Structure formats: C-alpha cells, structure tokens
C-alpha cells in the first residue's frame, strides 16, 4: 500500500501529463509544415483503385486554433489547480477544502433551525411536530441504511421501534449510543461451556427454553448449569445487561436472525461482533438531539 503514496506515482503522473502536452504540440507543429496541394504536387503518392489519390492538405486553421486553445487551457489549469502530480496549484484549491466550505455554509444556514432545540429535553423535542420531522429526516439520511426506513431493523440490526434495548432506551442512553457509537462483542463461548458441540447444543436448548421456544427438555436441563459461564454478561437470570449491551435472552426478540438451535449453536461457537459507528464526527450536537428524540418517540408514543 505504501507504494501508492510514494513520490514515484506523483512523478509518473507528471511524466504522463507532460508527454501528452508535448505530443500534442509536436503534432500541431508537424502539421504546420504541410504544404497546400498544387496542381503539380497534390498527393502523398498513395493511389487506390487506379484514380483514388490521398491529398496532403494542411489542417483547417479554425481546427488548429481550437487545438492550441485546449493546450493553453490545460497548461493554465495545471498551473492553477492540482492535477500535475502532487503540485498543489497556485490557487491552493482542494476538493476537501471545497467540501468543508460548502458544509460550513450549509451548517450556517440551518444553525438557527437547530438552535432552539440545543437545551430542550428529549421528551419535549419528541412532542414537537417540526422537531420530530427534522429528526426523522436526519434518521432517514444517516441511520436508515442499517435500521431501515421504518426503524424496525433486520438481521444484525436492532429494531428501534419496540421497547427491547441492548444499551438502554432512556433518552440519555440513546443519545450516548448515537454520539459515541456502540461495539457489541460476544466472544466464542464454546470452551467456557465445556468445549464440545454437545455442550453448545445443550446450552442452545436451555436458551430456547427461556423464551418458550420449542426445545429438547433433557438437553435444556444439561445446558442450564453450563449457562453459568454466560451469566457474567447475560446475568444469572439471562435478562441481559444494558451496561455491556448483552441482550435479554428470556424474551422473544432476537437480533441475529431466526432463533433456531443451529443459529444459537453457531453464535455460541463462533461469537458475534456488531458495531454501530459514532456519529458525533458527522452530526452536530443539536442534530444528535433531534435524532435521539425521534428514535425515543418510536417506542414512546
């Protein structure tokens, strides 16, 4: 990877650009040497079908003029803007700078809209129709890609419209999740519960029994004792721990797909990792409050 950011590639681009411009100039200068065809000398000497001759006329002046203009334009462009290797250009323009300037302009335009909600409690923002609408639009633009436009989530992405929360559903907890992101990590537990597929199968059946799913009672009985290795996160009662993002295993809400024995065994054996990115780098604090209020309103009608 370091090869692609070395000075060699900058020199390579500069060489290609310089060769292209020089080649175009050479073509024009060479073409300017051609003489207008006369009655005595009007062909290149190539003749086809007996009387079809190739005329050696100079290029049209308007075409040559346009060609020279494109060359001058290219030279001026590379002098003022980046493009000639790593030369920054006399104007100092960058795409990143242009983006930041446009973002700053946009932020300045919408800042008055968000200012009134900067210190308003989340519960009050959720009751404000205009604020909730802005929060919904922010959600659709930034969060719907994972949680869906209806916020009902999917396989591996939590449903935000119910009252089942991995990291807590209080306003301040939702704001913390949006601001700092979340990193849910369940390490493989196969060794902790005994180390064999049979142990994983027993624990899986016990977990299924907790939420009333069809299960093997004998296997569940064996798995109950082995589940204690999982209690550090999920709790002895298997009701989860919002401080760790450990889900409640006694309800009927499943984050990782259909709650089958095979699926649960796979999670016990291989573990799971889910990451929600932090949004404070993209959204302003006032925008995070609006999104958090909208999310909170989904499960607090």
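The values are calculated or read from the model by the stated rules, or taken from the named source; none is laboratory data. Since this is a predicted model, take the numbers as computed values, not measurements. Every residue, glycine as well, gets a Cβ built from its backbone with ideal geometry; the counts of neighbours run over all protein chains shown.
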(message) Within the range 228-241, take every residue that is in a helix (DSSP H, G or I) and out of contact with any strand residue (DSSP E or B) (no Cβ under 6 Å at 6 or more places or on another chain) and give me the one that is surrounded by the most Cβ atoms within 10 Å (Cβ to Cβ).
(response) 230
(message) Quick check on this structure: which one of 87, 110 is under 19 Å from residue 284 (Cβ atoms) and at pLDDT below 95?
(response) 110
(request) Return a yes/no flag: does the range 206-214 have any residue that is more than 27 Å from residue 147 (Cβ to Cβ) and either crowded, with 19+ Cβ neighbours inside 10 Å or assigned by TED's automatic domain parsing to the domain that holds residue 157 (or both). (result) yes
(message) residue 192 - would you say it is assigned to a helix (DSSP H, G or I), over 20 Å from residue 260 (Cα atoms) and at pLDDT below 95?
(response) no
(message) Given the criteria at pLDDT below 95, assigned by TED's automatic domain parsing to the domain that holds residue 268, over 18 Å from residue 275 (Cα atoms) and surrounded by 13 or more Cβ atoms within 10 Å (Cβ to Cβ), does residue 244 qualify?
(response) no
(message) Quick check on the range 281-288. Is at least one of its residues surrounded by fewer than 17 Cβ atoms within 10 Å (Cβ to Cβ), over 19 Å from residue 160 (Cα atoms), touching a helix residue (DSSP H, G or I) at 6+ places or on another chain (Cβ under 8 Å) and outside the structural domain of residue 150 (by TED's automatic domain parsing)?
(response) no
(request) Just give me the residues in the range 147-169 being in contact (Cβ under 8 Å) with a residue 40 or more places away in the chain and within 27 Å of residue 111 (Cα to Cα), in sequence order. (result) 151
(request) Name the one entry in 91, 52 that is over 30 Å from residue 8 (Cβ atoms), exposed (fewer than 12 other Cβ atoms within 10 Å of the Cβ) and not assigned by TED's automatic domain parsing to the domain that holds residue 283. (result) 52
(request) All but one of (1) touching a helix residue (DSSP H, G or I) at 6+ places or on another chain (Cβ under 6 Å); (2) surrounded by fewer than 17 Cβ atoms within 10 Å (Cβ to Cβ); (3) not in a loop (DSSP other than H, G, I, E, B) hold for residue 225, so report the exception by its number. (result) (1)
(request) Scan the range 106-124 for residues that are more than 15 Å from residue 289 (Cβ to Cβ) and surrounded by 10 or more Cβ atoms within 10 Å (Cβ to Cβ) and report the count. (result) 2
(request) Could you name every one of the helices (runs of 4 or more DSSP H) located completely within the range 71-186 that has at least 2 residues being farther than 21 Å from residue 248 by Cβ and more than 25 Å from the chain's Cα centre (by Cα)? (result) 95-115, 122-127, 129-142
